[in-house]
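Notes follow once the structure below has been shown.
Where a number appears in this text, it was derived from the coordinates with a stated rule and is not lab data. Keep in mind that what you see is a predicted model, and the values were worked out from it rather than measured. Backbone-built Cβ (ideal geometry, glycine too); neighbour counts: all protein chains shown.
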Amino acid sequence: MSVLSSEFQLKSRENYDIFGIHTRPLKGSKKCVILCHGTCSNMNECNNAYVYLAKALAEAGYGVLRFDFIGCGKSEVDYIHYTLRSAVSDTQDVMRYAQSLGYEILHLLGWSQGGTVVLLSADDRITSLITLAGASDLSIMVQKEKYQLAKQHGYHWYDPGYTKPVRLSKEWYEDVLSIDVLKEYEKHSIPTLAIHGLQDNIVDPKYSTEIIKASHHPDSKVVLIEHANHIFNLLDEEYRTFDIVVKETLDWLNAY
């Protein structure tokens with residue numbers, strides 16, 4: 001099935017530009033999946049996984065919006081302004097944009113820290129949530145000496161290893177240490193699918209299990225992929241393992 005893709009640009013509530021891609025089936029759809037990327041990544045994600053996923057979802061009849069968080073990808077704002085609160089604000093701005101396009105059924109999908117963001121972004125507009133290697137607690141990223149540097153200077157240089165170093169702000173640390181992600185998530189009863197690789201050595205698979213345990217919805221479930229790492233083996237075997245993620249995602253969405 002052919003799909004259509006077009007760039008979009010919208011003003012955030014803080015008056016900076018959010019850049020993204022809208023992928024949709026030729027016949028249109030009332031259903032939309034919003035894709036939230038992980039730490040220091042971009043709207044395409046690792047090895048263009050979100051490009052691949054967006055096409056698969058559109059071919060199955062879903063509209064897809066993927067976008068760059070502030071400080072990432074095409075964003076013209078420095079990463080020092082990225083915090084959990086800014087990421088939630090960006091996501092909710094895109095949710096409103098999806099509604100302005102006529103989408104009536106919204107799903108959120110987030111990878112790694114993007115999974116944290118979708119747990120915090122969800123409200124009554126959201127039909128379901130999907131996390132890929134999602135973290136319910138980002139304190140695993142907090143190193144005491146780096147936090148001290150951020151408190152002293154307002155930021156420290158953070159090197160993710162797969163893109164250029166960025167300035168990680170004191171405010172990011174304050175959000176991570178003060179926001180109880182699961183407590184916020186528990187305020188809503190939203191069916192949630194948590195997919196995680198059992199060989200993930202960056203975000204422990206236990207976090208996906210904790211997300212589902214915290215869910216109030218009886219349909220929420222966790223899918224653990226035995227041989228998969230944090231990026232679902234994308235650099236080693238292209239999309240072979242990621243195809244499992246795509247199938248589980250489509251099966252889940254089609255149930256709703």
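Brief remarks on what is shown
- The convex hull built on the alpha-carbon positions of the chain has an orientation-averaged projected area of 12.7 nm².
- Debye, to nearest 20: dipole size of the chain, +1 on Lys, Arg Cβ, -1 on Asp, Glu Cβ: 440
- Label-point gap, in nm, between Phe8 and Tyr162 - each point 7 angstrom along Cα→Cβ: 2.5
- Descending by average beta-carbon neighbour count within 10 Å, the peptides 31-41, 142-152 line up as 31-41, 142-152, the highest first.
- Cα gyration tensor shape of the stretch 1-62, rounded if a/c is under 1.5, else prolate or oblate by comparing a/b with b/c: oblate
- Computed Kirkwood radius, in angstrom, where 1/r is averaged over Cα pairs of the stretch 189-256: 12.5
- Note on Lys183: aspartates and glutamates with a C-alpha under 13 Å away, same-chain residues under 8 apart excluded, are Asp137, Glu210.
- Extension reserve of the His188-Lys206 stretch, reckoned as 0.36 nm per residue once the Cα distance is removed: 4.4 nm
- Largest mean-square fluctuation among Asn15, Asn42, Asn201, in a Gaussian network model of the chain whose springs join Cα atoms under 10 Å apart, belongs to Asn15.
- The distance between label points at Glu104 and Arg125 comes to 1.7 nm (points 7 Å beyond Cα on the Cα→Cβ vector).
- Near the amide H of Ala194, within less than 5 Å, lie the amide hydrogens of Thr131, Lys221, Val222, Val223, all on another chain or at least 5 residues away, with H placed in the peptide plane.
- Peptides 155-163, 239-247, ordered by how many other C-beta atoms sit within 10 Å of their residues on average, highest first, read 239-247, 155-163.
- Taking the centroid of alpha carbons for each part, the stretch 233-256 and the stretch 1-50 are 18 Å apart.
- Amide N proximity, the stretch 97-115 versus Ile140 label position 7 Å along Cα-to-Cβ, cut-off under 13 Å: 112-115
- Sum of side-chain charges, Asp219 neighbourhood, beta-carbon under 15 Å (Lys, Arg +1; Asp, Glu -1): 0
- Three-way shape label, the stretch 32-149, alpha-carbon gyration tensor, a/c 1.5: prolate
- Within the straight-line cut-off of under 16 Å between alpha carbons, the lysines reachable from Lys74 are Lys11, Lys164, sequence neighbours fewer than 8 places apart in one chain being disregarded.
- Computed from the C-beta positions of Lys151 and Asp180, the FRET efficiency with R₀ = 22 Å rounds to 0.55.
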